[in-house]
Amino acid sequence: MKNIKKWKILKEADVSPSKWFPVFQHTVELPNGTVIDDYFISRMIHAVMVLPITKGNKIVFTKQYKHGLGEITLELPAGFQQEGKTPEESALAELEEEVGIKAEASDLIRIGEVSNVPTKIMHIVHCYLVRNAEFNPKQNLEVTEDIEIVAVSPQETLKMIKEGKIWVADTVACVMKASLLYPEIFAGFDRESKK
């Protein structure tokens, strides 16, 4: 079995263009002794994501434009972990702000963490599940958000992932992890179907 070792950081310089996009230039030494002086990484604020399931057994998604992709995407309610708040507190706040669902900390079921682009970005998404979710009268959106709420059955959700209609990595990972941990929620989906 191979003994894989971590890289050694020899030097770090903050070259961030803004507080919203932190970028660091590292000089690193690889385990074989090679030194690379221009390895850039980003340390993004950790994020939270919630898979809300309504009393009617529908998963609630947000449909919105994402400028990084230049595309309109279908994702689970999510956002950055808020300063001074735990991941759980941030998850509850994002859930209420984006889709108008109010929940309590005792309603959160931890699904786990996922990481996107670990080669260049230090960013962890904390995933949670909420059952029996109920909507409040309105959302409380940020200025950059224009969100349509879309509710889909768990079985249709898996079909949409399979067909590439839901394709944002952390949403896919969160849903698929939930389907493995709580298969009863997704019962009835034919994983082998070619249709």
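The values are calculated or read from the model by the stated rules, or taken from the named source; none is laboratory data. Quantities reported herein were computed from a predicted structural model and do not represent experimental measurements. Cβ atoms come from the backbone with ideal geometry, glycine included; neighbour counts cover every protein chain shown. Accessible surface areas use protein heavy atoms only, side chains included; no ligands, DNA or RNA. Shrake-Rupley method; radii C 1.70, N 1.55, O 1.52, S 1.80 Å.
Of all the options Asn57, Asn116, Asn32, the one that moves most in a Gaussian network model of the chain with Cα springs shorter than 10 angstrom is Asn32. What FRET efficiency comes out for the pair Ala187/Thr119, r = Cβ-Cβ distance, R0 = 30 Å, nearest 0.05? According to the calculation, E is roughly 0.25.
When only alpha carbons of the chain are considered, Rg and Dmax amount to 19.1, 60 Å. When a 1.4 Å probe is rolled over the protein heavy atoms, the share of accessible surface on the chain that falls to carbon and sulfur comes to 55 percent.
Under the simplified labelling scheme, the Leu69-Ser42 pair shows an inter-label distance of 1.5 nm, with each label point 7 Å from Cα along Cα→Cβ.
Note on Glu83 and Trp167: their simple-model spin labels are 3.6 nm apart, each label 7 Å out from Cα toward Cβ. Among the listed pairs Lys63/Lys102; Lys66/Lys162; Lys120/Lys159; Lys58/Lys159; Lys2/Lys162; Lys63/Lys159, a Cα-Cα separation exceeding 24 Å is found for Lys120/Lys159; Lys2/Lys162.
Estimated from helical segments only, the mean residue ellipticity of the chain at 222 nm is -5500 deg cm²/dmol, where each DSSP H run of four or more residues counts as -39500 (n - 2.57).
Give the ranking of Arg131, Arg110 by solvent-accessible surface, highest area first, calculated with a 1.4 Å probe. Please list the in-between numbers first.
On the way: Arg131 95, Arg110 140 Å².
The residues order as Arg110, Arg131, largest area first.
Using a/c under 1.5 as the rounded threshold, could you call the stretch 67-172 rounded, prolate or oblate? The axes a ≥ b ≥ c are square roots of the C-alpha gyration tensor eigenvalues, and prolate needs a/b larger than b/c, oblate otherwise. Rounded, since a/c falls under 1.5. Principal axis extents of the C-alpha atoms in the stretch 1-105 (largest first, rounded to whole Å): 58, 40, 31. In straight-distance terms, cross-link reach from Lys11 covers every one of the aspartates and glutamates whose alpha-carbon lies under 13 Å from its own, apart from those fewer than eight places away in the same chain; here that gives Glu29, Asp37, Asp38.
Across the chain, where is the longest run that never hits GluC sites (Glu not before Pro) in a DSSP loop with at most 15 other C-beta atoms within 10 Å?
Values: sites that count: Glu83, Glu104, Glu134, Glu142, Glu145, Glu163, Glu192.
Result, exposed sites excluded: 1-82.
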